[in-house]
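Chemist: There's a structure below that I have some questions on.
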Amino acid sequence: MLRILRHGAPGFEAGGLSPDWRVPGDAVWIELVDPTRAEEVAVEQSIGLLLPTREEMAEIEASSRLYQEDGGTFMTATVLVNADGDLPTAAPVTFVLAGQRLVTIRYVEPRAFSVFAAQAERQPSLCPNGLQTFLGLLDAIVDRTADILERTAAEVEVQSRAIFGRPRGAAFEQILNRLGKAQNINAKARDSLVSLARLLSFAALAEQFGGSKDLRDHLKSLQRDVQSITDHSSYLAGNITFLLDAALGLINIEQNSIFKVFSVFSVIFLPPTLVAGIYGMNFVHMPELRWLEGYPMALGIMILAALAPLLWFRRKGWL
């Protein structure tokens, strides 16, 4: 899909694919969403730049993600997608600055893009040119990532209380599953933040921002925001790791307690079993066989043999 936002326009318009089609002169944002090859070629011919393919966008080398070519500045960042769903992912999104125009290429639907696009349609003044549109999109992506990490931190706090305030014997499976999901989201958010930090450092050196102090200050503000959120993500990762270790430690303690009980009962019933084995042999010359008190005596010895180790374990504090 090819969409174009023109200066001062109240909304996007669809791009045409006729042989003589060209990008309007007042276009500030050209958005390619899961584009066809024909749409890519139409934009390339109109702006005079070769756009990266989907395979090139997925490359992790900095030289493939951040470069300048034929007067255009190409920047690819990893953006967190579907953070509210069961399968959060991180996908590449490419920003191309061609003069005062912004071209974005993506094959996913990040929430930040739809939110910013809706704001731009309501307030056309948010996008006076491609540079401001670029910075506005980055603001939306950073804000969205911060919101996701805030929710993840709140979820981790809930699971922390569940771990240390749970009744003895309660199941850990749901807690571990939620902590695992929080760790997955946090890891992908951190990956996105690292790529955004590199993108912002590269953009600060681009010639498009060299003539405006306000734009450079905006970039520096974004860099500080990304750095602070990255620090928070690092703290959150450490906290999640601690909680996972604590949960596994508590599981081991409870398992050891269960095995300790089994071991104690094994010791308790061992002497009675020995006494019962002896008196169950029924030897002819066993004097207790002819006693009237022989059977009660055997039962008494068994009970005493069971109670003695039990009392000993309680005195030692093992039970």
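The values are calculated or read from the model by the stated rules, or taken from the named source; none is laboratory data. Here the structure is a predicted model, which means the values were calculated and not measured. Glycine gets a Cβ as well: all are built from the backbone with ideal geometry, and neighbour counts include every protein chain shown.
Chemist: For region 179-190, give me each residue that is surrounded by fewer than 19 Cβ atoms within 10 Å (Cβ to Cβ) and of a type in the set (D, E, K, R).
Modeler: 181
Chemist: Sticking with this structure for a sec: Looking at 198, 190, which is the one that is in a helix (DSSP H, G or I), of a type outside the set (S, T, N, Q) and in contact with a Leu (Cβ under 7 Å, 6 or more places away or on another chain)?
Modeler: 198
Chemist: If you don't mind, another one. Would you be able to tell me the number of residues in region 3-42 that are buried (at least 17 other Cβ atoms within 10 Å of the Cβ), within 19 Å of residue 115 (Cα to Cα) and among the aliphatic types (A, V, I, L, M)?
Modeler: Qualifying residue count, region 3-42: 6.
Chemist: Check off (1) in a helix (DSSP H, G or I); (2) without any contact (Cβ under 8 Å) to a residue 12 or more places away in the chain for residue 139 and give me the number that stays unchecked.
Modeler: (2)
Chemist: I'd like the residue in region 152-173 that is polar (S, T, N, Q) and under 26 Å from residue 252 (Cα atoms) and, out of all such residues, is surrounded by the most Cβ atoms within 10 Å (Cβ to Cβ).
Modeler: So the residue we want is 159.
Chemist: Also, quick follow-up: Scanning for something assigned to a helix (DSSP H, G or I), in contact with a helix residue (DSSP H, G or I) (Cβ under 6 Å, 6 or more places away or on another chain) and aliphatic (A, V, I, L, M), does region 204-214 turn up at least one residue?
Modeler: no
Chemist: Given the residues 85, 48, 99, which is the only one that is modelled with pLDDT of 85 or more and either hydrophobic (A, V, I, L, M, F, W, C) or surrounded by fewer than 22 Cβ atoms within 10 Å (Cβ to Cβ) (or both)?
Modeler: The conditions single out 48.
Chemist: Right, here's the next one. Can you name the residue in region 1-23 that is of a type outside the set (A, V, I, L, M, F, W, C) and more than 20 Å from residue 137 (Cβ to Cβ) and, of all such residues, is modelled with the highest pLDDT? Break it down into steps so the answer makes sense when it comes.
Modeler: Step one: of region 1-23, the residues of a type outside the set (A, V, I, L, M, F, W, C) are 3, 6-8, 10-11, 13, 15-16, 18-20, 22.
Still in the running and more than 20 Å from residue 137 (Cβ to Cβ): 16, 18-20, 22.
Working: 16: 65, 18: 69, 19: 67, 20: 72, 22: 79.
Only one residue tops the list, namely 22.
Chemist: Let me ask something additional. If you go through region 208-243, how many residues are farther than 28 Å from residue 175 by Cα, charged (D, E, K, R) and without any contact (Cβ under 8 Å) to a residue 12 or more places away in the chain?
Modeler: Matching residues across region 208-243 total 4.
Chemist: From the list 149, 193, 199, 176, exactly one residue is surrounded by 13 or more Cβ atoms within 10 Å (Cβ to Cβ), at pLDDT below 90 and assigned by TED's automatic domain parsing to the domain that holds residue 241. Which is it?
Modeler: Exactly one of 149, 193, 199, 176 is surrounded by 13 or more Cβ atoms within 10 Å (Cβ to Cβ), at pLDDT below 90 and assigned by TED's automatic domain parsing to the domain that holds residue 241, namely 176.
Chemist: Step by step: first the residues of region 152-173, then only those that are among the charged types (D, E, K, R) and outside any helix (DSSP H, G or I), then the one that is modelled with the lowest pLDDT. Which residue is that?
Modeler: Once the filter is applied, the top-ranked residue is 168.
Chemist: Now for a separate question. Across region 20-69, what is the total count of residues that are β-branched (Val, Ile, Thr), in a strand (DSSP E or B) and over 27 Å from the mean Cα position of the chain (by Cα)?
Modeler: So the count comes out to 2.
Chemist: Within region 206-248, track down each residue that is β-branched (Val, Ile, Thr), surrounded by 18 or more Cβ atoms within 10 Å (Cβ to Cβ) and either touching a Lys or Arg at 6+ places or on another chain (Cβ under 7 Å) or more than 17 Å from residue 196 (Cβ to Cβ) (or both). Steps first, answer last, please.
Modeler: Taking region 206-248 first, the residues β-branched (Val, Ile, Thr) are 226, 229-230, 240-241.
Narrowing further to those that are surrounded by 18 or more Cβ atoms within 10 Å (Cβ to Cβ): 226, 229-230, 240.
The answer is 230, 240.
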